[in-house]
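Working notes for the structure below.
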Amino acid sequence: MEIKILGPGCARCEKTAKLVQAVVADTGADARVEKVTDMMQIAGFGVVSTPAVMVDGEIKSTGKVPKKDEIAGWLK
């Protein structure tokens, strides 16, 4: 599983990245977490509001910090 955290590095983006990494560790999911900060690349994914989370190429969340249970649901 490939998870991308999309955002320029703002506080909400950092919080989202930490939450995703914590949920991956807690659930033991076989996932690679990558942070994407290049705005041109983020725009190329069709994202206009950050932070955003992409799981295996599918946008799961944009413009907010997702909750832990929401993230866990994406990992199943």
Check residue 1 against each of (1) in contact (Cβ under 8 Å) with a residue 60 or more places away in the chain; (2) crowded, with 16+ Cβ neighbours inside 10 Å and name the one condition it does not meet. (2)
Could you list, in sequence order, all residues of region 32-49 that are in contact with a helix residue (DSSP H, G or I) (Cβ under 7 Å, 6 or more places away or on another chain) and either open to solvent by 30 Å² or more (accessible area, probe 1.4 Å) or assigned to a helix (DSSP H, G or I) (or both)? 33, 35
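Within region 50-65, restricting attention to residues that are at positive phi and touching a residue at least 24 places away in the same chain (Cβ under 8 Å), which residue is surrounded by the most Cβ atoms within 10 Å (Cβ to Cβ)? Talk me through it step by step, then tell me what you get.
Taking region 50-65 as the starting set, the residues that turn out to be at positive phi are 56-57, 63.
Within this subset, residues satisfying the condition of being touching a residue at least 24 places away in the same chain (Cβ under 8 Å) are 56-57.
Details: 56: 11, 57: 8.
Ranking the qualifying residues of region 50-65, first place goes to 56.
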Within region 13-27, which residues are under 11 Å from the mean Cα position of the chain (by Cα), open to solvent by 70 Å² or more (accessible area, probe 1.4 Å) and touching a residue at least 40 places away in the same chain (Cβ under 8 Å)? 15
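Just checking, which of 17, 29 is outside any loop (DSSP other than H, G, I, E, B) and aliphatic (A, V, I, L, M)? Break it down into steps so the answer makes sense when it comes.
On the way: 29 fails: outside any loop (DSSP other than H, G, I, E, B).
Being outside any loop (DSSP other than H, G, I, E, B) and aliphatic (A, V, I, L, M) holds for just one of 17, 29, which is 17.
The values are calculated or read from the model by the stated rules, or taken from the named source; none is laboratory data. Since we're looking at a predicted model, the values are computed, not measured. A quick note on method: Cβ atoms are made from the backbone with ideal geometry, for glycine too, and the neighbour counts reach across all protein chains shown. For the accessible areas, the whole protein counts, side chains as well, though only heavy atoms, and no ligand, DNA or RNA atoms are used. Shrake-Rupley method; radii C 1.70, N 1.55, O 1.52, S 1.80 Å.
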